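Take a look at the structure below.
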Amino acid sequence: MKIYVGIDIAKLNHFAAAISSDGEIIIEPFKFTNDADGFQLLVSKLESFDKNSLIIGLESTAHYGDNLVRFLVTELYQVCVLNPIKTCQMRKNNVRKTKTDKVDTYVIAKTLMMQDNLRFVSFFDLDMMDLKALGRFRQKTIKQRTRLKIQLTTYVDQVFPEIQYFFKSGLHQHAVYALLKEAPSPKEIASMHMTHLANLLKVNSHGHFTKEQAKELRVLAQKSVGANDSAISIQITQTIQQIELLDSQLEKIEAEMTDIMKFNDSVIMTIPGIGYINGGMILGEIGDIHRFSNPNKLLAFAGLDPSVYQSGNFQAKTTRMSKRGSRVLRYALVNAAWNVVRNNATFKAYYDAKRAEGRSHYNALGHCSGKLVRVIWKMLTDNVEFNLK
């Protein structure tokens, strides 16, 4: 006999109840807190039953249930995260249209009972949850760093506008940051000892800048028309510190993603041009590939499917991609597609064919992304390695 445990998730307190496969109430609804004591209370209610006979279900509700899911999976319980659409349909079948936390526990348990193919959360799924969280946090961190770099460029333009012509590779390099942190104004650069200035540039550029170039920079600083403003100098030094902090955080995020990817050894890493970070972002956003019964559903989830425009007898012949679904997945797939085009003959030929039709680079890349989605779906579904030459 199977016992179905329904858990209604909230921020501070959860409710749980259990029914048998015959519909008999085994455990009346009870409240437990979203902490270690609450989790132990739940386990104490379930420990008299065989773990193999227990099926625990909860709705996918933001992040509030993540800790409970991790705890239960670690304790080797069979846990299923339900799509709220399924439980919503069950609630509609309730004649009295009642919705309370206690009633919801029964709704979730009954929804579990009605499902034919339940898929339980595994340790692999927990790793995918981590990849998804890290991938999204990485994107946010990159956006923060980009904003700071734009701000820094604005500050430097006010203080030392001529410097952009001297550093041909741009302001955002290690040697420039080291210089501006120590001397954030042309007046301070001009007053630096020549030996120190030359050594600072040489060391932080790995020998790229010579003493002659250091002399040129000091002359440029002496003639600068920039504002000698201490307030802007403070903003320059502190903005650089913030950028460098985000750089170090990104390194840690990417190192953790790389470790997870190496541990799981996914077949997606056999695709030429896909690295641990791009592969991790794609896997994290997809999660369980079996959620998508065909590649078109995965394509729609990524927002790479074409939008449809029809009115009356008019049907648009060309439309843009819908750009709905996961923005992070779409970004990772397009980025990966360009790398694959440059590393695989089949994808390169496909890209060239689209370009030959008169399509733009990004339009052709969108088509390559769609092709890549279909390849990834097949690879993950059948667990086969990439085999296109």
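The values are calculated or read from the model by the stated rules, or taken from the named source; none is laboratory data. Computed from a predicted structure; not experimentally measured. As a convention, Cβ positions derive from the backbone with ideal geometry for all residues, glycine included, and neighbour counts pool all protein chains shown. What goes into the accessible areas is simple: the full protein's heavy atoms, side chains included, and nothing from ligands, DNA or RNA. Shrake-Rupley method; radii C 1.70, N 1.55, O 1.52, S 1.80 Å.
Can you list the lysines whose alpha carbon is less than 29 Å from that of Lys215, not counting same-chain residues fewer than 8 positions off?
Counting by Cα, and skipping residues close in sequence, Lys215 has these lysines nearby: Lys149, Lys168, Lys181, Lys187, Lys202, Lys223.
If you take every DSSP beta bridge whose two residues both sit in the chain, what share of them, in percent to the nearest 5, is antiparallel?
On the way: 15 of 24 bridges.
The answer is about 60 percent antiparallel.
Can you tell me which of 112-123, 179-190, 149-160 comes out highest on packing, and rank the rest after it, using the mean Cβ neighbours within 10 Å? Before the final figure, lay out the partial values.
On the way: 112-123: 13.3, 179-190: 20.1, 149-160: 17.5.
Output ranking for 112-123, 179-190, 149-160: 179-190, 149-160, 112-123.
With the other protein chains left in place, how much accessible area per residue, in square angstrom, belongs to the chain at a 1.4 angstrom probe? Spell out each step's value before the answer.
Working: 21490 Å² over 389 residues.
Solvent-accessible surface per residue comes out at 55 Å².
Fully extended, how many nm does the chain gain between Asn296 and Thr258 (0.36 nm per residue separation, minus their Cα-Cα distance)?
On the way: separation 38, 0.36 × 38 = 13.68 nm, distance 2.86 nm.
In short, 10.8 nm is gained.
Let me check against my output: what whole-number percent is the relative contact order of the chain, with C-alpha pairs under 8 Å and at least 6 apart?
Values: 531 pairs, mean separation 49.5, N = 389.
Answer for the chain is 13 percent.
For the range 137-252, with all protein chains present and a 1.4 Å probe, just round the carbon and sulfur fraction of the accessible area to a whole percent. Before the final figure, lay out each step's value.
Values: 3480 of 6610 Å².
The nonpolar share, carbon plus sulfur, comes to 53 percent.
What percent do you get for the relative contact order of the range 266-382 when only Cα pairs under 8 Å and 6+ apart count? Please report the intermediate quantities before stating the final value.
On the way: 135 pairs, mean separation 38.3, N = 117.
Computed value for the range 266-382: 33 percent relative contact order.
Divide the volume of the convex hull of the Cα atoms of the chain by its number of residues and quote the answer in cubic angstrom per residue.
Values: hull volume 91.6 nm³, N = 389.
So the per-residue Cα hull volume is 236 Å³.
Taking the alpha-carbon distance from Lys11 and a cut-off under 28 Å, which lysines remain once sequence neighbours fewer than 8 residues away in the same chain are dropped?
Lys31, Lys45, Lys51, Lys86, Lys92, Lys97, Lys99, Lys102, Lys110, Lys132, Lys140
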